[in-house]
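What follows draws every value from the coordinates through simple rules; no lab data is involved. All figures in this text were calculated on a predicted structure; none of them were measured in a lab. All Cβ positions, glycine included, derive from the backbone under ideal geometry; neighbour counts span all protein chains shown.
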Amino acid sequence: MIDRKTLVRRNNPVITKIEPLSPLSIGNHEFAFTADFTGLQTFPESYEVPLGVQSTWGWHSTIAPGYYTYKDLDLQAFDTYGRPVYYPVAPGARREAYHWLRQNPHRLYLGRLSFLFYKENGDLARVTDVAGIRQELDLWEGCLHSVFTVEGRPVQVTTVVHPENDEIAVRVVSDLIKEGRLQVLMRFPAPDMLSDKWEEAIDLDWEHHERHRTEIIARSANSLRLLRSMDQDGYEVAWSWRNGEFRGVPERWAGMRPGHRHEFLLEPLDSGEFTFTVAFAPTGAKTSDFDEVRELAKRHWEKFWLSGGAVEFAGSKDPRAEELERRVVLSQYLTAIHCGGSLPPQETGLIYNSWYGKFHLEMHWWHAAHFPLWGRVHLLEKSLWWYRSILPKAKELAAVQGYAGARWPKTVGPDGEQSPSPISPLLIWEQPHPIILAELCYRAHPDRETLEKYKEIVFESAAFMASYAVYDRDRDEYLLGPPLIPAQENHKPEESFNPTFELEYWKTGLEVALAWVERLRALGSSVGGCAEGYGRQGRSPEPHNHAARDSFFKNPEKWREVAAKIAKPPHKDGVYLAHENCPETFSKYNQDHPSMVAAMGVLPGKLIDPGIMRNTLKQVWSCWQWETAWGWDFPMCAMTAARLGERALAVDFLLMETPKNTYLPNGHNYQYPGLSAYLPGNGGLLTAVAMMAAGWQDWKRPSGRPGHPGPYSETAAFPDDGSWSVRWEGLHPFL
């Protein structure tokens, strides 16, 4: 057995200086607190990203939720085999609705907690007055320990988050408390978006004080409860303490700082130790005792690390093994706190807002597909339910465009309302995701309960996919697009059709949906109840099939037909193309995502010729503009190399030295200034490592035995030349 405690703790992040890109976070899957080196958020100006306090429930809409909807947009028509299909890809005449829907709802910054340190002369200490920094995140116990000095006086801070409540607990030990030189300040920013740089971090708004309210609704000698209000949204904050005294609004700031009505000061009493807790909730916020939170967090994280999978690379001769192990351990922690909640996560998790805090459904796979492989399927299931909650809107979107089933939005908030964008509405590769994610859940729990729980999202997804494909009578094939934008997003929608990855994904997704039908039939369960309409005209027009509108999922022959006759992935000169109308993939379009390789890596590759894919992958390795790629592209290519038996190349892709494959001291996957945390990279890394260690289900073997690129060995798809020592337990084979 692996000594998991030793494995985890030897990869604890340790910070000994200010790391502007690498603040450390603690959290509980639904809530996260990101701290600077003091254990609170005392010197945010020293960091290049906002230090967030965010939750899955904390959202705000300017004016009112649902002020604009999809129906208020000026839609653009795209010719789709003789009929117009409308997409919200440009502002048009309804600019206000377009930009409001892009920015609303947006995720809230719930507040900021800071220390105030005073120097001996009474001046407020600055970051230059602080020295002796040592901060360690104890992953095993989910606890942040911070040590530093202010004018030579030591300060020790312990920060921890409650595993179930959205609550921060803090203990401070320092002689500065006895001397009256340490205080705690709570501040609240305004809720609005200040930047139109939607792909970058959004600055906090400390100026528009009239845009929100902070009211004291309860107070005692050792506690305070606040009500936060903005437009029609709001939440509560509870604050309790031991050995402290609430000072209210700092008197010296009244009349000098317009925002003083959103600032509250707590001063420790004459003692060398001080504890407090702060809780956030939509309503009824309640605090716990510090020791209770500390103990509960310790139990929670010990249970997390002792359950599920583990991989260690101790004893490897390859000098990169230690770094890979660090990335794997930290990625498990980061995806747990940022991607394991009850909503699909935004790409920067619960640290700070990117894309206005909304989530991208094409990234949900990269955020969460690894959880079942690592024996933590419950962390995927927490967010998979959400598809059912927005199913009416997804079905309405499909119907408005003339399709059956449910069309899942791409960029979206918790309300399920599609965000307009020049690209997002025309992507399609997120459509099979719920099918595959549900299948991963089923493989973890192959029972009737799982089938019943997710059959509706599986079947509605398949219905859309079958309806979306166009039959070409001359080719006797089903085609995808145009219009569409492939996963490699730098293609014109009017010119793009039959993208390699999406063709394979359509076949895989529909065949998995058909397998669900057979499983449910075998159990005697109903698979009907959802009407499925067709009537889409192809290049060689065929009459509308009105009778099909009365068919049900219990007889999904259309799915079987589309899966069997989906077009073959396009290739030229011995390599696969991004799509059928893209003859210059490796010269003009060798940037962004090399998504064609995902057809045999992320997916089983039933339509793929391994020889052509091997040529494609090596061409990608040699000529791709990797500075334009994204963090999940590297594990994606590693998975393809693994299926092809290219073991050394799989590791080389996984650990390629290039800016977009950088993993910072806090474990986050850096992309570029303004996007220093990119969780799809962390999730992709975990999926690839699980696959390379535990193998995958070989579709060519009816028995379902795990497949490997060669004879089974302890290292599976890692090099078997003695350079790698790979020990793993608790992992599950990939698709």
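Only one residue of Phe246, Gly132, Ala218 has its Cα farthest out toward the positive end of the dipole of the chain, where Lys and Arg carry +1 and Asp and Glu -1 on Cβ, and that residue is Ala218. Quick one: pull the percentage of alpha-carbon pairs in the stretch 582-652 with a separation above 14 Å. Here the tail beyond 14 Å accounts for 54 percent of pairs. Pull up the cross-link candidates among the aspartates and glutamates for Lys572, meaning alpha carbon to alpha carbon under 13 Å and not fewer than 8 places away within one chain. The reachable aspartates and glutamates, counting only those whose Cα sits under 13 Å from Lys572, are Glu580, Glu584, Asp609.
In this Cβ point-charge picture (+1 for Lys and Arg, -1 for Asp and Glu), the stretch 134-224 has a dipole of about 620 debye about its Cα centre.
Dividing the convex hull volume of the alpha carbon atoms of the chain by its residue count gives 157 Å³ per residue. Charged side chains reduced to their Cβ positions (Lys and Arg at +1, Asp and Glu at -1) give the stretch 291-373 a dipole of some 60 debye around its Cα centre.
For every other residue with a beta carbon closer than 14 angstrom to the beta carbon of Val161, add +1 if it is Lys or Arg and -1 if Asp or Glu, then tell me the sum.
Residues close to Val161 contribute a combined charge of -4.
Footprinting exposure proxy ranking of Met465, Met636, fewest other C-beta atoms within 10 angstrom first, gives Met636, Met465.
Summarised in one figure, the compactness ratio Rg/Rh of the stretch 444-506, Cα atoms and Kirkwood Rh, is 1.12.
Note that the stretch 364-464 shows a convex hull volume over its alpha carbon atoms of 91 Å³ per residue. In the chain, the longest principal axis of the Cα atoms and the axis of helix 633-643 are about 50 degrees apart.
Computed on the stretch 296-427, with alpha-carbon pairs under 8 angstrom and 6+ residues apart, the relative contact order is 20 percent.
This model, with +1 at the C-beta of Lys and Arg and -1 at the C-beta of Asp and Glu, gives the chain a dipole about its Cα centre of some 1180 debye. Other residues lying with their Cβ under 11 Å from the Cβ of Lys286 contribute a combined charge of -2, Lys and Arg counting +1, Asp and Glu -1. Listed from fewest to most Cβ neighbours within 10 Å, the set Thr38, Thr69 follows the order Thr69, Thr38.
Toward the positive end of the charge dipole of the chain, with +1 on the Cβ of Lys and Arg and -1 on the Cβ of Asp and Glu, the farthest Cα among Phe290, Gln697, Phe37 is that of Gln697.
Compute the relative contact order of the chain as a whole-number percentage, counting only Cα pairs closer than 8 Å that sit 6 or more residues apart in sequence. After rounding, I find 13 percent. Residues Leu479, Leu227, arranged from fewest to most other Cβ atoms within 10 angstrom of their Cβ, appear as Leu227, Leu479. Here's the list of lysines a cross-link from Lys410 could span, going by alpha-carbon distance under 20 Å and ignoring same-chain residues fewer than 8 apart: Lys71, Lys197, Lys358, Lys382, Lys393, Lys395, Lys492. In the stretch 209-364, taking the dipole from charged Cβ atoms about the Cα centre, the farthest positive-side position among Phe280, Leu269, Gly340 is held by Phe280.
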